[in-house]
């Protein structure tokens, strides 16, 4: 009964986005089933990460574009849920969601563009490519799991605070596995790693959250 009431009261735009995300998964499967499986289970499949790091594909590769948009929409829904959870006075609407989506979209477009330029214009070392590719693909795995959690939160009575706990856990696991896989590069170039984290990860995200919250 609670699940039925949840479905009835859910905003139609959220339902539309969740359906669009499902269609995106179907499209990804149609484009490349093996890459979809690799993206879903990349946290547990280092061979897939190594293969991806050796391949140079187009910046506008259809699979990557769809996967990118899927990731941004899932993360923007999660961020928006967190924002409205902490600010109950905010009216949940598509209009208030759009700025969150556009902010994250801008962040990831700039970030992925810079990473692509590093890959293909400067021909960076294989170890660094593995570092970036593993980070991106691990994020894909996390977003697939978060998509399932968001669906459960919207329609199955899965409490929002548990969604946020799960997100924190998944990102922590992603960070730890990424650190372990790339430990040699990180500890050999610790100064540059810290500089990268501060310049490309922490500072932009801090600025985004200051703008959105």
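The values are calculated or read from the model by the stated rules, or taken from the named source; none is laboratory data. Predicted model only: the values in this text are computed from it and were never measured. Every residue, glycine among them, receives a Cβ derived from its backbone with ideal geometry; neighbour counts consider all protein chains shown.
Tell me, which residue of the stretch 92-132 that is modelled with pLDDT under 80 and not in a helix (DSSP H, G or I) is surrounded by the most Cβ atoms within 10 Å (Cβ to Cβ)?
124
So, of the residues in the stretch 164-183 that are in a helix (DSSP H, G or I) and over 15 Å from the mean Cα position of the chain (by Cα), which turns out to be modelled with the lowest pLDDT?
Here is the first cut: in the stretch 164-183, the residues in a helix (DSSP H, G or I) are 164-181, 183.
Still in the running and over 15 Å from the mean Cα position of the chain (by Cα): 165, 176-177, 179-181, 183.
Values: 165: 94, 176: 86, 177: 86, 179: 80, 180: 82, 181: 79, 183: 72.
The extreme case among them is 183.
Any chance the stretch 190-201 includes a residue that's at pLDDT 90 or above and either assigned to a helix (DSSP H, G or I) or touching a strand residue (DSSP E or B) at 6+ places or on another chain (Cβ under 7 Å) (or both)? Break it down into steps so the answer makes sense when it comes.
Our first condition is that a residue be at pLDDT 90 or above; within the stretch 190-201, this holds for none.
No, there is no match, as no residue in the stretch 190-201 is at pLDDT 90 or above and either assigned to a helix (DSSP H, G or I) or touching a strand residue (DSSP E or B) at 6+ places or on another chain (Cβ under 7 Å) (or both).
Within the stretch 2-9, is even one residue within 20 Å of the chain's Cα centre (by Cα) and either modelled with pLDDT under 95 or farther than 30 Å from residue 129 by Cα (or both)? Step through it out loud before you land on a result.
Within the stretch 2-9, the subset within 20 Å of the chain's Cα centre (by Cα) is none.
No, the stretch 2-9 contains no residue that is within 20 Å of the chain's Cα centre (by Cα) and either modelled with pLDDT under 95 or farther than 30 Å from residue 129 by Cα (or both).
Can you name the condition, by its number, that residue 152 falls short on among (1) in contact (Cβ under 8 Å) with a residue 60 or more places away in the chain; (2) under 23 Å from residue 22 (Cα atoms); (3) more than 15 Å from the chain's Cα centre (by Cα); (4) surrounded by 15 or more Cβ atoms within 10 Å (Cβ to Cβ)?
It fails just one condition, (1).
So in the stretch 41-70, with the set limited to residues that are under 11 Å from residue 144 (Cβ atoms) and at pLDDT 90 or above, which one is surrounded by the most Cβ atoms within 10 Å (Cβ to Cβ)? Break it down into steps so the answer makes sense when it comes.
From the stretch 41-70, those under 11 Å from residue 144 (Cβ atoms) are 41-43, 67, 70; that's our starting set.
Checking which are at pLDDT 90 or above leaves us with 67, 70.
Working: 67: 26, 70: 23.
Step by step, filter the stretch 41-70, then rank; the result is 67.
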